[in-house]
1. Would you pick out the residues in the range 14-24 that are touching a strand residue (DSSP E or B) at 6+ places or on another chain (Cβ under 8 Å) and either surrounded by 16 or more Cβ atoms within 10 Å (Cβ to Cβ) or closer than 20 Å to PHE112 by Cβ (or both)?
2. Of the residues that sit in the range 95-120 and are over 18 Å from LEU57 (Cα atoms) and loosely packed, with under 14 Cβ neighbours inside 10 Å, which one is farthest from the chain's Cα centre (by Cα)?
3. I'm trying to understand the selection: among the residues of the range 97-111, which are at pLDDT 95 or above and over 16 Å from TYR21 (Cα atoms)?
4. Restricting attention to the range 43-91, report how many residues are basic (Lys, Arg) and either at pLDDT below 95 or in a loop (DSSP other than H, G, I, E, B) (or both).
5. Working only within the range 20-57, note down all residues that are touching an Asp or Glu at 6+ places or on another chain (Cβ under 8 Å) and under 23 Å from GLU70 (Cα atoms).
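The values are calculated or read from the model by the stated rules, or taken from the named source; none is laboratory data. Model, not experiment: these values are computed from the prediction. Here the Cβ is made from the backbone with ideal geometry for all residues, glycine too, and neighbour counts use every protein chain on show.
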Amino acid sequence: MVEYSFKVRWGDTDAAGIVFYPNFYKWMDEATHEFLASIGLPSSTLYSEQQVSVPLLEAHCQFKSPLFFEDAVMVRSSVVEMQRKVFKISHKFFKDEKIVAEGYEIRAWTSFKDKPKACPIPEEVREKMMPANAEKVMN
């Protein structure tokens, strides 16, 4: 599990001062890139050295409690499912240790050497991504 922390900015809120919902998707994307960097695979290096990226296939977020300007937020992210070419990463949003939202992204390990094409996730990457306590591993 990787933790990513940030503070809600004024531009993240709507006229009522509540976080505008698309920002949760932006933060899940940021948390995924933080996760990859934490396991030694920064997205910029992955692309520049291997022409590999992890485009988004699906995203979902369930909101439990609102966030407001200047709230301190922590996102806990972990890979919970892995297929041959695709993985599912879970994101849980916390404010003061209380969960305020949770969601997931499904992403494909994709080569951009020619035209974009999903390819098998290398075994050494799978070992770094998939925690021992994962919910499900699919082959």
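1. Across the range 14-24, the qualifying residues are VAL19, PHE24.
2. Only one residue tops the list, namely ASP114.
3. LYS98, ILE106, ARG107, ALA108, TRP109, THR110, SER111
4. Residues meeting the conditions: 3.
5. Across the range 20-57, the qualifying residues are PHE20, ASN23, MET28, ASP29, THR32.
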